[in-house]
Amino acid sequence: QKPIHTPHSPERRQATPSSPPAGNPSLPIVTSSHFTSPPFAAGAAPLARRLLERAGDHQQQSSSPRKVRSFRRHKSSKAEHQYFGAQSFRTGDQPLRAQAHPDGGYGPPEQDPEAEGHSPGSPDAETLASWLRSCGTVADVRRVHGVAVRSPDGPGIFLANNLITSYARFHEISDARKVFDEMPERTVVSWTAMMNGYQKSGNYSEVVRLFLDMMASGERGNSLSLVCLLKSCGEQSNAKLGRQVHCCVVKGGWSNVILDSAVAHFYAQCGDVASASMMFDKMTSRDVISWTTMITAYVQHGHGDKALQMFPAMISEGFHPNEFTVCSILKACAEEKALRCGKQLHGALVKKLFKNDIHVGSALVTMYARNREVSDAQAVFDMMPRRNTITWTSLISGYAQSSQAEKAIMLFRQMKTRRVSVNNLTIVGLLSACGSIRSLSLGKELHAQVIKNSIQENLQIGSTLVWCYCKCGEYTYAARILEEMPDRDAVSWTAMISGYNSVGHSAEALKSLDDMLWDGVTPNTYTYSSALKACAKLEALQDGRRIHGVVNKTPAFSDVFVGSSLIDMYMRCGKVDEARRVFNAMPEHNLVTWKVIITGFAQNGLCEEAFKYMYLMQQQGHDADDFMFSKVLTSCGDLQWKSDSISFSGSNTGSLR
């Protein structure tokens, strides 16, 4: 066995604490002046790590002497009772001696007669803090903690703050809280470090409670503690407390770019996009995070057009978008069907003007898939070096929505072969594909997987299952699934009503609407449109008028699809004047609206009105298609139109001059 050297032995080794390499931790490391995020590396400095490993080895030998390390073999039973003292190091001009402790650093240090009263050998707080920054595992943090508690004065405030942050970085919140509770006195940095740890772990209510305790103790918060509190308020949608924090920011003059961005993000999380935009406009200085926060808020709340307007303004002010900005803009391109903008952004990514990673690649696939450019989505998918569940799900949903269900199912089989995990959206996309091709067997297979994984209570999956079974003609299964769902929303009921319509069971569709109203669920625009289609097929005028009366009292009346369904219902029931009044009251008309009213006129024998509205449609910039011409020609083929301003000539494509 090698001899054990004392701190004054000539064989001791020299070591100086090495500064940690640069990195980017998930939680900030506390410094003596403020709560910042200094560089951090996953691996420890070599000499410091050897010290920590040997200290840890002594812990294992003390608790279980039978274990033998690979680099140290016991040759006698006497050696088992000797302490394995860490070899001496020097920090600057001071010798360092670190002893291991069997309790992992949570008890009093063991007494060593040689080291007793030798305080110059203890590492200082800055050295231990540098080791904490270099810790790659929580075991390393505990070893440094063990060294800290052996110092004559114990871990002071500065080192305790660093310990809290280090434990929180590895999600060991209970250990961090133990250090926090044992501190004889705390500063605002201590409170902020503990709040930040709870916030990162998702315990937002504890963040609020800690902040209130800090205020009660007389400690005044700083801007970073307010940022942490605002994030927690946003996650909990606690608008009342968040607004109070905003008032404190204004009254205390805490305004800075980080805190102002946090305030804007809080309002966006609470759904108050107007207040978030107002806060953004008042900011005297902005950074990339401020712009990204506002762009993301617009996209998440359905204002993709405003996000697309902000993006060029951000670039014109000299800010370089990061990967989060690019993902949000690509999502806006998908929502707003802005294919040209998405392709321009794709070109910039190819030229490496912006950072491209797996999340940006997945957003590109989603953008092309939502714009029905599935071939381009497949090309991006094939070129990606790495793919995740979102990438596969986006392409599967794109194929399903583009009526290429077979390719969606084939892609799912490849996904299973490569053992890629499946999420709820993957199941939804596949069920949509099964319904589109009426593949009952695969739909039942997916249903079995849903039950096996206990996700049948998910609203989106349940609603898609109802729709899939209805499309396959198994409306009894669909009704049973709808009845067994613990929570039913408008989407679930609308899937049932739409499914009944698709298989020609219009009476059951109207009955489902009544059941939905008795269930206390408010219909949406798609529900009204599906119910009106059922009334049109049944020529149920009274039910259609009842729905019309309800729609008139809601914003759904301005929806172009609800209006088109109303016109179709009245035309099929022979109420041409009421259909015309609905058409004239609509704020806008699309091609479907024009097609419904023109074919309605033709089917009711009002051919001159049909030709007149065809001319008006052309004046509005809409072209008549073959379906419309065939309908009009079938009903009005023998009409002699004598107007000089309008002449009708039928051809293969059809024209109106």
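Our coupling estimate for the range 444-457, obtained by passing each phi through the Karplus curve with A = 6.51, B = -1.76, C = 1.60 and θ = phi - 60°, is 5, 4, 5, 4, 5, 5, 4, 5, 4, 8, 6, 10, 5, 7 Hz, Gly and Pro reported as x. The residues Cys233, Cys573, Cys472, when put in order of fewest to most other Cβ atoms within 10 Å, stand as Cys573, Cys472, Cys233.
Annotation: lysines with alpha-carbon distance below 16 angstrom to Lys282 (same-chain offsets under eight excluded): Lys251.
Set the Cα radius of gyration of the range 255-316 against 2.2 N^0.38 Å, with N its number of residues, and you get 0.99.
Each residue of the range 385-397 was assigned a 3J(HN,Hα) from its phi angle through the Karplus expression (A = 6.51, B = -1.76, C = 1.60, θ = phi - 60°), giving x, 10, 9, 10, 4, 5, 4, 5, 5, 4, 6, 4, 5 Hz with x at Gly and Pro. The percentage of C-alpha pairs in the range 463-545 whose separation is greater than 17 Å is 38%.
Using the Cβ-Cβ distance between Ala507 and Asp124 with R0 = 56 Å, the FRET efficiency computed as 1/(1 + (r/R0)^6) comes to roughly 0.10.
Given the peptides 315-321, 429-435, arrange them by the average over their residues of other C-beta atoms within 10 Å, most packed first. Spell out each step's value before the answer.
Numbers: 315-321: 12.3, 429-435: 26.0.
Result, highest mean first: 429-435, 315-321.
Karplus-based coupling profile of the range 262-275, in residue order and whole Hz: 5, 5, 4, 5, 4, 5, 5, 5, 7, x, 9, 5, 4, 5, with θ = phi - 60° in 6.51 cos²θ - 1.76 cosθ + 1.60 and x standing for Gly or Pro. Listed cross-link partners Lys343/Lys595; Lys240/Lys331; Lys471/Lys511 are compared with a 21 Å cut-off, the Cα-Cα value being larger for Lys343/Lys595; Lys240/Lys331. Ignoring lysines fewer than eight residues from Lys416 along the same chain, the ones with Cα atoms less than 25 angstrom from its Cα are Lys407, Lys444, Lys452. So what does the Cα-only Debye profile of the range 530-606 read at q = 0.21, 0.27 Å⁻¹, as log10 I(q)/I(0), no solvent term? Log10 I(q)/I(0), no solvent term: -0.85, -1.41.
Bear in mind these aren't lab numbers, they're just calculated from the coordinates by the rules spelled out. As the structure is a prediction and not an experimental result, all values here were calculated from the model. As a convention, Cβ positions derive from the backbone with ideal geometry for all residues, glycine included, and neighbour counts pool all protein chains shown.
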